[in-house]
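Please read the structure below before turning to the comments.
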Amino acid sequence: MPEAALRYDADGVSVMMVGPGDKVAKQIVRVGRRGGGFVELTQGPPAGSRVLLGAASFVLEGDVVKPVLTKPTAAAPAAKPQAGAR
């Protein structure tokens, strides 16, 4: 997931998902590795879910938004173990 989609507040780390009727819902996530502007979600919405990127801090749960869709970007490649690493 693009790192720009993450929100940080008293509840922890979350993303703002865009659901049916373009209604916004907050989803708590757990993050893993980071790199190249992306973050691995170890817990959160399924792949392909629509999330807010830049304006997530300006909306509240239940707000209706008018999404501007972007093309999905390829996720950062998984880190390869180095020789001798355990």
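The 1.4 Å probe gives accessible areas that order 49, 14, largest first, as 49, 14. Expressed as a whole percent, the accessible area of segment 1-70 that falls on carbon and sulfur atoms is 57 (1.4 Å probe). Under 5 Å between amide hydrogens, built in the peptide plane, is the criterion, and for residue 50 it picks out 18 among residues at least 5 positions away or on other chains.
Per residue, how much accessible area does segment 23-67 have with a 1.4 Å probe, in Å²? Can you show the working numbers first?
On the way: 3050 Å² over 45 residues.
Value returned for segment 23-67: 68 Å² of accessible area per residue.
The values are calculated or read from the model by the stated rules, or taken from the named source; none is laboratory data. Note that the structure is a prediction, hence the values are computed from the model and not measured. Accessible surface is based on the protein model in full, side chains and every heavy atom, while ligands, DNA and RNA are left aside. Shrake-Rupley method; radii C 1.70, N 1.55, O 1.52, S 1.80 Å.
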